[in-house]
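As structure tokens, the structure follows; a few thoughts come after it.
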Amino acid sequence: MKTTTATVLALAALFAPSPVIGREALLDDDKSNGTRRLSKSPDYYKSIYYRCCNTDPVSGSKSKNNADWRITNIPDDLNIGANEVCKCPVRGSESKTWFGFGSETYYAKWQTSCEPMGSLYEKAEIGQ
């Protein structure tokens with residue numbers, strides 16, 4: 001019985017989803033704190049933010065590839081093409097996450113994430 005329980009717990013820990021976010025020490029101290037982030041760069045999140053975070057789309061459906069999800073004033077240095085759109089398949093979905101479990105729809109989660117101080121807004125370092 002103890003072996004079965006231990007095996008089940010070990011497998012549960014192995015398959016538990018966890019993000020790889022952290023900091024790593026740098027060998028040379030070229031940054032102010034001597035560490036770097038172990039996640040995607042802010043430019044990656046800026047690209048998503050500017051393609052997907054218009055929280056007040058004018059027309060069209062709430063589906064993937066809707067050009068109205070784009071924010072209009074995209075900085076030129078991000079190299080986001082004029083025809084690049086949001087590719088998230090659930091950006092405007094009214095279904096709930098994790099097979100219906102959870103309290104928010106995908107649409108509500110995106111809206112919250114795109115607002116100032118939201119998670120995507122913070123990861124993209126928009127306000128900095």
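Quick look at the values:
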{"quantity": "Per-peptide average of other Cβ atoms within 10 Å, ordering 44-57, 67-80, 105-118 highest first", "calculated": "44-57, 105-118, 67-80"}
{"quantity": "For segment 115-128, Karplus couplings with θ = phi - 60° (6.51, -1.76, 1.60), whole Hz, Gly/Pro x", "calculated": "5, x, 6, x, 5, 5, 4, 5, 5, 7, 6, 5, x, 9"}
{"quantity": "Simple label model, 7 Å out from Cα along Cβ direction - Ala82 to Ala6, nm", "calculated": "6.6 nm"}
{"quantity": "Long-range HN-HN contacts of Lys96 with modeled amide H, under 5 Å", "calculated": "none"}
{"quantity": "Distant-in-sequence amide H partners of Asn66 (H built 1.01 Å from N, under 5 Å)", "calculated": "Cys86"}
{"quantity": "Stretch gain in nm, segment Ile71-Tyr44, where the contour uses 0.36 nm per residue and the Cα spacing is subtracted", "calculated": "8.2 nm"}
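Coordinate-derived values only; no laboratory data. Small disclaimer: the values here were computed from a predicted structure and weren't measured. As a convention, Cβ positions derive from the backbone with ideal geometry for all residues, glycine included, and neighbour counts pool all protein chains shown.
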